[in-house]
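The values are calculated or read from the model by the stated rules, or taken from the named source; none is laboratory data. All figures in this text were calculated on a predicted structure; none of them were measured in a lab. A quick note on method: Cβ atoms are made from the backbone with ideal geometry, for glycine too, and the neighbour counts reach across all protein chains shown. What goes into the accessible areas is simple: the full protein's heavy atoms, side chains included, and nothing from ligands, DNA or RNA. Shrake-Rupley method; radii C 1.70, N 1.55, O 1.52, S 1.80 Å.
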Amino acid sequence: MKAFSFEAGELLLVDKPYGWTSFDVVNYIKHRVKRITGNKKLKVGHAGTLDPLATGLVMVCTGKMTKSIDQLQAERKIYTGSILLGAESASYDLESKVVRNHAPLPSETELDQARQRLIGEIEQVPPVFSAKKVDGKRAYENARKGIQQVLKANSIVIYDFRFTRIDIPYLDFELVCSKGTYVRSVAHDLGSLLGCGGVLTALRRVQSGDHHVRNALKMSELKIILDKPTL
C-alpha cells in the first residue's frame, strides 16, 4: 500500500457517493488525517464542489498540496448525466419539487439545434439553489427561505455537449466544460431553448484535467486507509 505524507502534501481522488456534499468528504478526511498526523492545524481542502445529488470525482488536497487547489480547479471537467424534458424545478434538479408541463416535446432535429447553441463561450446564470453569494449570503439559503434574488451571469465555456442516448423525454449526455459551469443550468437552459423545460436527473463527474474517476477511491476504500492505526 502507498505510504502517505499528508503534511508534505497529498492529492486524494475520491469517488463521492450520492447524498454526500463535497464538504462532507473533506471533513471526513480532515478529521482522520489530523488524528494520524497529530497536526490539528493541517490544511485540507477540495478542488471543485460537486452537488449532493451528483456522484463522482472530488479532489481533496492536504498539507502543502492545498497551494495547488486554484490550479486544479481551473482545469476542464467532463461530466455524464441525464435530463428529463417537459419538466421544471426551482433547483433545476431533483432537490426541489419537479413539475411536469404539457408543452410540446421537441423533435430530434430541434433538440440538436438547441444543443449546438449551448456549445462555446456563453453567459450562464447559476441556479438560485447554489453556493453563489448574494449580498453576503449563499443563494441557496435565501432560496430555501423563499427570498427573491437575481444572480449575475458568468462567462463559461462548454467545449463539447453531446447526447449519448435519446429517448424523448429522457436524454443521456456527456459534457466537457470549464471551471464555474453549473450543469443544472445547462439542463435548464436546454429546456428553455426548446420551450418545454428541462430538469437534471443524474450527474457524475468523470474527469477533471488528467484525473479520472476510475482512479479514485471509494469511501469504503478510504475508510480502510484512514482508519488504520498507522500508515
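Note on the range 105-132: among residues that are in a loop (DSSP other than H, G, I, E, B) and at pLDDT 95 or above, the one that is most open to solvent (accessible area, probe 1.4 Å) is 105.
With respect to the conditions (1) surrounded by 15 or more Cβ atoms within 10 Å (Cβ to Cβ); (2) out of contact with any Asp or Glu (no Cβ under 8 Å at 6 or more places or on another chain); (3) modelled with pLDDT under 95, residue 230 lacks only one, and its number is (1).
Restricting the range 40-99 to residues that are among the polar types (S, T, N, Q) and touching a strand residue (DSSP E or B) at 6+ places or on another chain (Cβ under 7 Å) leaves a set whose member that is nearest to residue 128 (Cα to Cα) is 89. Does residue 55 satisfy being farther than 24 Å from residue 93 by Cβ, open to solvent by less than 40 Å² (accessible area, probe 1.4 Å) and not aromatic (Phe, Trp, Tyr)? Here the answer is no, as residue 55 does not meet what is asked. When 64, 40 are checked against the criterion of being in contact (Cβ under 8 Å) with a residue 12 or more places away in the chain and of a type outside the set (Asp, Glu), 64 stands alone in meeting it.
Only one entry of 49, 62 meets the criterion of being polar (S, T, N, Q) and surrounded by fewer than 17 Cβ atoms within 10 Å (Cβ to Cβ), and that entry is 49. Restricting attention to the range 143-156 and to residues that are open to solvent by 40 Å² or more (accessible area, probe 1.4 Å) and assigned to a strand (DSSP E or B), the residue that is modelled with the lowest pLDDT turns out to be 154.
For residue 6, the criteria (1) surrounded by 16 or more Cβ atoms within 10 Å (Cβ to Cβ); (2) within 12 Å of the chain's Cα centre (by Cα) hold in every case but one, which is (2). Among the residues of the range 169-189, those identified as surrounded by 15 or more Cβ atoms within 10 Å (Cβ to Cβ) and farther than 17 Å from residue 205 by Cβ are 169, 171, 188, 189.
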